[in-house]
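Presented below is the structure to which this report refers.
The values are calculated or read from the model by the stated rules, or taken from the named source; none is laboratory data. The shown structure was predicted, so the numbers you read here are calculated from the model rather than taken from an experiment. Heads up, the Cβs are rebuilt from the backbone with ideal geometry, glycines too, and the neighbour counts pull from every protein chain shown.
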Amino acid sequence: MANEKIPYKIYLSEEEMPKFWYNVRADMKVKPAPLVNPGTLQPMTAADLAPVFCDELIAQELDNDTRQVPIPEEIRGFYKMYRPSPLVRAYCLEEKLGTPAHIYYKFEGNNTSGSHKLNSAIAQAYYAKKQGLRGVTTETGAGQWGTALSMACAYLGLDCKVYMVKVSYEQKPFRREVMRTYGASVTPSPSMETAVGRKILAEHPGTTGSLGCAISEAVEVATSNPGYRYVLGSVLNQVLLHQSVIGLETKIALDKYGVVPDIIIGCAGGGSNLGGLISPFMGEKLRGERDYRIIAVEPASCPSFTRGKFAYDFCDTGMICPLAKMYTLGAGFIPSPNHAGGLRFHGMSPVLSQLYHDGYMEATSVEQTAVFEAAEFFARTEGILPAPESSHAIKVAIDEAKKCKETGEAKNIVFGLTGTGYFDLVAYEQYNNGTMTDRIPTDEELAVGLNALPPQPEF
Ligand SMILES: *Cc1c(COP(=O)(O)O)cnc(C)c1O
């Protein structure tokens with residue numbers, strides 16, 4: 001089939017859809033470092049994690065060895081409502097750029113939540129339901145994760161409590177209403193409902209909140225209400241496992257036409273979409289079967305890979321969560337108000353951090369106005385209004401395609417288009433009005449977070 005004309009969109013039949021998630025940790029010679037208890041500096045056991053997370057998800061989190069994890073039939077059924085997501089051959093973009101490169105993107109924005117986050121939300125809600133829990137709690141910043149989780153919980157009949165960063169709650173009323181339409185309760189954070197929220201409000205009256213603070217509230221509510229657990233939409237190993245469905249579908253689709261990517265590109269906030277997209281390709285690379293160039297793209301305003309340290313750090317600003325070893329800017333780092341809300345996290349997935357540290361992938365950072373320039377070009381060429389987060393990958397894919405134009409190489413470039421930008425039109429408005437700015441932290445500003453890392457474990 002290798003010479004067959006490749007269609008604009010490569011779909012898979014239901015039968016061809018993945019039946020297993022792929023756990024890339026099984027093929028890593030150096031495993032990601034374990035989560036550590038900040039008090040004892042010892043690795044967290046399943047029993048330590050049980051009050052916070054669902055049992056089956058803890059098992060997945062700690063499992064570095066099982067290569068293939070069966071996707072339960074109920075989850076496959078849900079996936080079939082909005083998957084497979086299309087793998088698009090960007091013929092129009094190639095033509096407009098005049099590049100000999102072949103560009104493909106995996107589009108995850110074709111569901112109501114508008115992003116890839118639903119792939120893990122349904123899995124996490126499913127295991128919570130199976131454990132007989134009443135509900136789950138979580139935090140959300142810009143709202144994509146909260147929306148995805150609300151949809152999954154509505155489908156399974158689980159209660160869903162979302163703590164939404166107050167500034168987003170006020171400025172993004174539309175996402176909030178989508179969540180409420182799916183039955184979630186949405187509380188602006190910090191709130192008076194939790195001890196940690198009351199403490200933060202007493203210390204910082206009038207604060208508009210942060211993701212770290214919302215995590216602390218959601219964890220407190222989960223651990224103090226029987227029948228509730230906390231769930232997280234990125235960073236964790238289990239989330240990368242669920243998101244491997246993106247990469248597996250991509251690989252099955254490309255294999256059908258004998259296409260082998262040269263370069264794979266994704267935006268990286270906590271690392272879940274990129275980790276998912278690259279998983280099966282990285283597996284081949286780790287096993288020495290094939291080589292690929294893999295590029296993580298992050299905002300210059302929150303450059304964890306490119307300017308962070310590889311060290312143990314807290315995942316939350318409240319410093320109540322376990323420590324994870326990752327590329328981090330420090331839990332106290334507060335990025336400037338960049339419009340790619342989903343990329344404003346100080347740390348990075350421990351799996352991707354280890355792979356990057358060991359030289360299996362590259363990372364680069366891009367500035368906001370250049371990202372929106374690429375987003376607009378893409379919207380006008382391919383028709384999709386991309387999320388600001390996804391547009392980081394678009395920017396670098398376009399740059400690589402332009403390089404191919406100079407060298408005359410017909411490289412295969414694959415990138416992850418993680419979502420749509422309908423709820424980000426204030427950002428587009430600023431770009432269109434010419435009032436958008438680029439804010440890059442100085443070394444002195446970064447030093448504040450980097451010099452305040454917690455005590456490091458001995459192992
Ligand atoms: C959350 C989000 C991201 C970033 O999260 P990762 O875990 O790094 O994938 C990227 N794109 C969109 C549309 C998102 O909602």
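Among the residues making up segment 42-86, those that are of a type in the set (A, V, I, L, M, F, W, C) and outside any loop (DSSP other than H, G, I, E, B) are Ala46, Ala47, Leu49, Leu57, Ile58, Ala59, Leu62, Val69, Ile75, Phe78, Met81.
Of the candidates Val245, Val235, Val239, the single residue that is assigned to a loop (DSSP other than H, G, I, E, B), within 16 Å of the ligand (Cβ to nearest atom) and closer than 20 Å to Glu56 by Cβ is Val235. Considering Leu57, Leu41, the condition of being surrounded by 14 or more Cβ atoms within 10 Å (Cβ to Cβ) and under 22 Å from Asn119 (Cα atoms) is satisfied by Leu57 alone. Only one of the numbered conditions (1) closer than 24 Å to Gly341 by Cα; (2) away from the ligand (no atom under 16 Å from the Cβ); (3) part of a strand (DSSP E or B); (4) not β-branched (Val, Ile, Thr) is not met by Gly266, and that is (2). Within segment 333-342, the set of residues being surrounded by fewer than 24 Cβ atoms within 10 Å (Cβ to Cβ) and either outside any loop (DSSP other than H, G, I, E, B) or within 12 Å of the ligand (Cβ to nearest atom) (or both) is empty.
Here the condition is being more than 16 Å from the ligand (Cβ to nearest atom), of a type in the set (Gly, Ala, Ser) and in a loop (DSSP other than H, G, I, E, B); of Ala452, Ala401, Ala447, it holds for Ala452 alone. If only residues of segment 139-158 that are away from the ligand (no atom under 16 Å from the Cβ) and free of Cβ contacts under 8 Å to residues at least 40 places away in the same chain are counted, the one that is farthest from Gly269 (Cα to Cα) is Gly157. Check whether at least one residue in segment 111-125 is closer than 30 Å to Gly383 by Cβ, of a type in the set (A, V, I, L, M, F, W, C), in contact with a Ser or Thr (Cβ under 8 Å, 6 or more places away or on another chain) and surrounded by 20 or more Cβ atoms within 10 Å (Cβ to Cβ), and report yes or no. Looking through segment 111-125, at least one residue is closer than 30 Å to Gly383 by Cβ, of a type in the set (A, V, I, L, M, F, W, C), in contact with a Ser or Thr (Cβ under 8 Å, 6 or more places away or on another chain) and surrounded by 20 or more Cβ atoms within 10 Å (Cβ to Cβ). Only one entry in Met326, Met361 is within 15 Å of the ligand (Cβ to nearest atom), closer than 20 Å to Ser244 by Cβ and buried (at least 24 other Cβ atoms within 10 Å of the Cβ), namely Met326.
Please enumerate the residues belonging to segment 87-133 that are part of a helix (DSSP H, G or I), of a type in the set (A, V, I, L, M) and over 30 Å from Gly183 (Cβ atoms). Answer for segment 87-133, where residues must be part of a helix (DSSP H, G or I), of a type in the set (A, V, I, L, M) and over 30 Å from Gly183 (Cβ atoms): Leu93, Leu97. In segment 1-38, of all residues being of a type in the set (Asp, Glu) and loosely packed, with under 14 Cβ neighbours inside 10 Å, the one that is farthest from the chain's Cα centre (by Cα) corresponds to Glu4. Looking at Ser85, Ser120, Ser113, just one residue is within 21 Å of Leu417 (Cβ to Cβ) and in contact with a His (Cβ under 6 Å, 6 or more places away or on another chain), and that residue is Ser120.
Going residue by residue through segment 179-199, is there one that turns out to be buried (at least 17 other Cβ atoms within 10 Å of the Cβ), over 20 Å from the mean Cα position of the chain (by Cα) and assigned to a helix (DSSP H, G or I)? Checked against the condition, which is being buried (at least 17 other Cβ atoms within 10 Å of the Cβ), over 20 Å from the mean Cα position of the chain (by Cα) and assigned to a helix (DSSP H, G or I), segment 179-199 yields at least one hit. Of the candidates Val297, Val371, Val351, the single residue that is within 14 Å of the ligand (Cβ to nearest atom) and in a strand (DSSP E or B) is Val297.
Of the residues screened, Lys172 is not one that is more than 14 Å from Val221 (Cβ to Cβ), in contact with a strand residue (DSSP E or B) (Cβ under 6 Å, 6 or more places away or on another chain) and charged (D, E, K, R).
Reported count of residues in segment 212-231, each being at pLDDT below 95 and within 14 Å of the ligand (Cβ to nearest atom), is 0.
Per this entry, Phe107 is not counted among residues that are within 30 Å of Asp313 (Cα to Cα), at pLDDT 95 or above and of a type in the set (Phe, Trp, Tyr).
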